Amino acid sequence: MHIHTGDTVHFIASDPGHNAQSITGMIPDGATAFAGKMGQDVTVTFSKPGLYGYKCLPHYFLGMVGLVVVDKPENEEAAKAVSQPGAAKQRFEQLFKQLDHP
Ligand SMILES: [Cu+2]
């Protein structure tokens, strides 16, 4: 999803047993990591521009991941360099492709 600096995103826990948390190495320099609790909504304000990769912790390797672009994906190359487990690798390849060729 594309948002602007300072926007707030509500990650809604529509099912129990999932969460949303940022992935180490996939947020801009100086940005604050976030981690929602399992089965609970989490609200994140994105105060630094850049690309944010996030995951559902128990289903990371199944590819339950996403990207948030805050204005410009300045740290895209660094985020792409992060090694991904299991199905997350392919899912992120798709997401980056969509990002580069919308
Ligand atoms: Cu999950």
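At a glance:
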quantity: Which numbered condition residue 35 misses (of (1) touching a residue at least 24 places away in the same chain (Cβ under 8 Å); (2) in contact with a Leu (Cβ under 9 Å, 6 or more places away or on another chain)); calculated: (1)
quantity: Within region 81-94, considering residues that are within 16 Å of the ligand (Cβ to nearest atom) and within 14 Å of the chain's Cα centre (by Cα), the one most open to solvent (accessible area, probe 1.4 Å); calculated: 91
quantity: Among the residues listed as 73, 102, the single one being closer than 17 Å to residue 3 by Cα and free of Cβ contacts under 8 Å to residues at least 24 places away in the same chain; calculated: 102
quantity: Single condition residue 12 does not satisfy, out of (1) more than 16 Å from the ligand (Cβ to nearest atom); (2) at pLDDT 95 or above; calculated: (1)
quantity: Matching residues, region 2-35, being exposed (fewer than 12 other Cβ atoms within 10 Å of the Cβ) and of a type in the set (Asp, Glu); calculated: 15, 29
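The values are calculated or read from the model by the stated rules, or taken from the named source; none is laboratory data. It should be emphasised that the depicted structure is a prediction, and the values quoted were computed from it without experimental measurement. Neighbour counts are summed over all protein chains in view; Cβ atoms, including those assigned to glycine, are modelled from backbone coordinates with ideal geometry. Only protein heavy atoms, including side chains, enter the accessible area calculation; ligands, DNA and RNA are left aside. Shrake-Rupley method; radii C 1.70, N 1.55, O 1.52, S 1.80 Å.
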